[in-house]
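The values are calculated or read from the model by the stated rules, or taken from the named source; none is laboratory data. Owing to the predicted nature of the structure, the values given are computational and were not obtained by experimental measurement. Every residue, glycine among them, receives a Cβ derived from its backbone with ideal geometry; neighbour counts consider all protein chains shown. The accessibility values were calculated without ligands, DNA or RNA, using every heavy atom of the protein model including side chains. Shrake-Rupley method; radii C 1.70, N 1.55, O 1.52, S 1.80 Å.
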Amino acid sequence: MAASGDLSQFSQTLNGIPSSNVICGTMDPFHACSILQQLKVQYDEGQLTDIVVEVDHGKTFSCHRNVLAAISPYFRSMFTSGLTESTQKQVRIVGVEAESMNLVLNYAYTSRVMLTEANVQALFTAANIFQIPSIQDQCAKYMISHLDPQNSIGVFIFADHYGHQELKERSQDYIRKKFVCVTKEQEFLHLRKDQLISILDSDDLNVDKEEHVYDSIIRWFEHEQNRREVHLAEIFAKCIRMPLLEETFIEKIPPMFAQVLAKSWEPKGQCSANGYTQRLGMTASEMIICFDAAHKHSGKKQTVPCLDAVRGRVFKLCKPPNDLREVGILVSPDNDIYIAGGYRPSSSEVSIDHRAESDFWMYDHSGNRWLPKAPLLRARIGCKLVHCCGKLYAIGGRVYEGDGRNPLKSVECYDSRDNCWTAVSPMPVAMEFHNAVEYKENIYVLQGEFFLFFDPQKNYWGFLTPMTVPRIQGLAAVYNNSIYYIAGTCGNHQRVFTVEAYDIELNKWTRKKDFPCDQSISPYIKLVLLDNKLHLFVRATQVTVEEHIFRTSRKNSLYQYDEIADEWNKVYETPDRLWDLGRHFECAVAKLYPQCLQKVL
């Protein structure tokens, strides 16, 4: 048992995990690391090596048998079997590239490996030959973190070939999540029949209509029609849910496919997975997500209510980790939700100088949880997140440092493929109460008398014509080729509800009717695009006096903009006192899956 514990400690140390219970009489992990370091020096200098390994294209490596045998059962068997290889000075390995062999040896002597998209699959293959699961798992984690619509099918086929279950399941989940995008890729056409069925025969497919499933099968079939015709009936039977297809769509299906579809489909019960059950994507509802809200029974503890205004339902999203407040929020075109920066609430009631955080999180819809991503380069509170040219940008914000509260000029760019941030050209003006939007691969930033645009391709900031009524803390959104800027605070600290629209193509501001709002109700408003229409989410506070007692009531309402009449109409009012919204609440709109959320109302 003691020996087993020592080996465990040694294994942890090799993988960069310090032992927590090093006591007198047990193995010293630093001693083990020192030996490994000395072996690495001997390897680098070619000292005491006793075996030469030759790989593809004649590349050779001089190394130590003991080290290879310790890291790989393949080499241990080779050197101890008593066969010819056990006495040879040089052995030849077929199917391993020179770069992969170099990476395996570096891992053997250091426990570290440098992975890239160019080397990861070849290294996985080498680790499979040498039976080193720790390298395979690192490669798998790397491929999982770098999944995208272009490579996910290839990774899935690769994982299926080598039988790596986690990599196969995670890539398959990704394909189902991004199904419509993935089916447009060429690699989709190279799936085997059984692989195609395993993807399509799932309730978790993220499609808003069954027609996408049918179209993907036909595209796959037509790629090799002669070879695949024999499989079509089976695929239709297992993957197409006929009751979910529109009648008008069925009527337009070519006779050849219609006959096969009719023969392959058999009516099944209401609860059958291949009967009437909707796919995950069909259950999605566009909802307004309110951050920095508090449940009425939980004091100041944050909750994240999600409002389905069409169906009158309210759900609850998993709150941001560490109860982060005033985060940057973004819903990407792919419906991925991100939060960045912010601060953690202080235990002190009087403290307002919050320490900025650099946290960056992505929401996992199916698990209703937040997944950590690479942190920001610069901690910041109240930054604006924008999606542009396939990347995310964190713009401005504030920190409490040095002489107090400081707005930021800095801007950084996030590449989801590499999971890393890089600094880009800073804004010419520091901003903390700003808004940022994207239009045709340019970013537009508004605050007071400043109106900036950023060209990511040129890494260049420029100035545009400022709004006619300069305001900070206003609200901006792109609607019908214009940037609408609504409400805000003027230089004299007066709150206004002015509405202006900037025609991006004409470079012209137009004044619209003000949002009709009574200042006495202390309104706080947020602008969102819901169902491709402008909406204002309004938190109103009313104070009444009953028998010399002041009573406060709040109403949360939703107003929709009528562009033709240039007016705002109330379309929904939330249930009374379901939650409280603070002054710094923020709203975002995303498609959410009710079965993955906690239902409140």
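Would you point out which residue out of E449, E432 is under 21 Å from H584 (Cα atoms) and modelled with pLDDT under 95? First the steps, then the outcome.
Values: E449 fails: under 21 Å from H584 (Cα atoms).
After applying the criteria, what remains is E432.
Among what's in the range 572-601 and is of a type outside the set (D, E, K, R) and assigned to a loop (DSSP other than H, G, I, E, B), pick the residue that is most open to solvent (accessible area, probe 1.4 Å). Spell out how you get there, then give the answer.
Step one: list which residues in the range 572-601 are of a type outside the set (D, E, K, R), which gives 572, 574-575, 578-579, 581-582, 584-585, 587-590, 592-598, 600-601.
Narrowing further to those that are assigned to a loop (DSSP other than H, G, I, E, B): 574-575, 578, 593, 597, 600-601.
On the way: T574: 7, P575: 39, L578: 30, Y593: 20, L597: 23, V600: 61, L601: 88 Å².
Selected residue: L601.
Could you please let me know if L205 is open to solvent by less than 40 Å² (accessible area, probe 1.4 Å), in the same structural domain as I157 (by the TED database) and in a loop (DSSP other than H, G, I, E, B)? Quick ask: steps written out before the conclusion?
Working: open to solvent by less than 40 Å² (accessible area, probe 1.4 Å): yes; in the same structural domain as I157 (by the TED database): yes; in a loop (DSSP other than H, G, I, E, B): yes.
Spelling it out, L205 is indeed open to solvent by less than 40 Å² (accessible area, probe 1.4 Å), in the same structural domain as I157 (by the TED database) and in a loop (DSSP other than H, G, I, E, B).
Here E166 passes the criteria (1) under 23 Å from H223 (Cα atoms); (2) at pLDDT 95 or above; (3) acidic (D, E) except the one numbered (1).
How do the strands (runs of 3 or more DSSP E) wholly within the range 492-571 filter down when requiring 1 or more residues that are surrounded by 17 or more Cβ atoms within 10 Å (Cβ to Cβ) and out of contact with any Asp or Glu (no Cβ under 9 Å at 6 or more places or on another chain): which remain?
On the way: elements: 495-503, 508-512, 524-530, 533-546, 549-562.
Filter on the range 492-571 gives 495-503, 524-530, 533-546, 549-562.
Applying the condition of being under 41 Å from the mean Cα position of the chain (by Cα) and among the small types (G, A, S) to the range 69-104 and asking which residue is nearest to K59 (Cα to Cα) yields A98.
Kindly check whether there is at least one residue in the range 144-156 that is open to solvent by 30 Å² or more (accessible area, probe 1.4 Å), farther than 22 Å from D203 by Cβ and in contact with a helix residue (DSSP H, G or I) (Cβ under 7 Å, 6 or more places away or on another chain). No, that holds for no residue.
Do you know which residues across the range 49-93 are part of a strand (DSSP E or B) and in contact with a helix residue (DSSP H, G or I) (Cβ under 7 Å, 6 or more places away or on another chain)?
Hits for the range 49-93 are I51, V53, F61, C63, V91.
Which of the residues that make up the range 365-388 are part of a strand (DSSP E or B) and open to solvent by less than 30 Å² (accessible area, probe 1.4 Å)? Steps first, please.
Taking the range 365-388 as the starting set, the residues that turn out to be part of a strand (DSSP E or B) are 369-372, 381, 384-388.
W370, I381, L385, V386, C388 - these are the residues of the range 365-388 that are part of a strand (DSSP E or B) and open to solvent by less than 30 Å² (accessible area, probe 1.4 Å).
Does V91 satisfy the condition of being among the hydrophobic types (A, V, I, L, M, F, W, C), open to solvent by less than 10 Å² (accessible area, probe 1.4 Å) and modelled with pLDDT of 95 or more? Taking the combined requirement at face value, the residue does not satisfy it.
Residue-wise test of (1) over 20 Å from T510 (Cβ atoms); (2) not in a strand (DSSP E or B).
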| residue | (1), (2) |
| --- | --- |
| A423 | yes, no |
| V437 | no, no |
| Q457 | yes, yes |
| G462 | yes, no |
| P470 | no, yes |
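Comparison of R170, R112 shows that the only residue that is more than 18 Å from the chain's Cα centre (by Cα), farther than 30 Å from F249 by Cβ and not aromatic (F, W, Y) is R112. In this structure, Y460 does satisfy being more than 20 Å from I564 (Cβ to Cβ) and modelled with pLDDT of 95 or more. In the range 157-176, what residues are buried (at least 17 other Cβ atoms within 10 Å of the Cβ) and part of a loop (DSSP other than H, G, I, E, B)? Scanning the range 157-176 gives a single hit, H164.
When you look at G488, is it open to solvent by less than 20 Å² (accessible area, probe 1.4 Å), assigned to a strand (DSSP E or B) and without any contact (Cβ under 8 Å) to a residue 12 or more places away in the chain, yes or no? The answer is no for G488. For the range 94-130, taking the residues that are assigned to a helix (DSSP H, G or I), open to solvent by 40 Å² or more (accessible area, probe 1.4 Å) and in contact with a helix residue (DSSP H, G or I) (Cβ under 8 Å, 6 or more places away or on another chain), the one that is farthest from Q42 (Cα to Cα) is identified as Q121.
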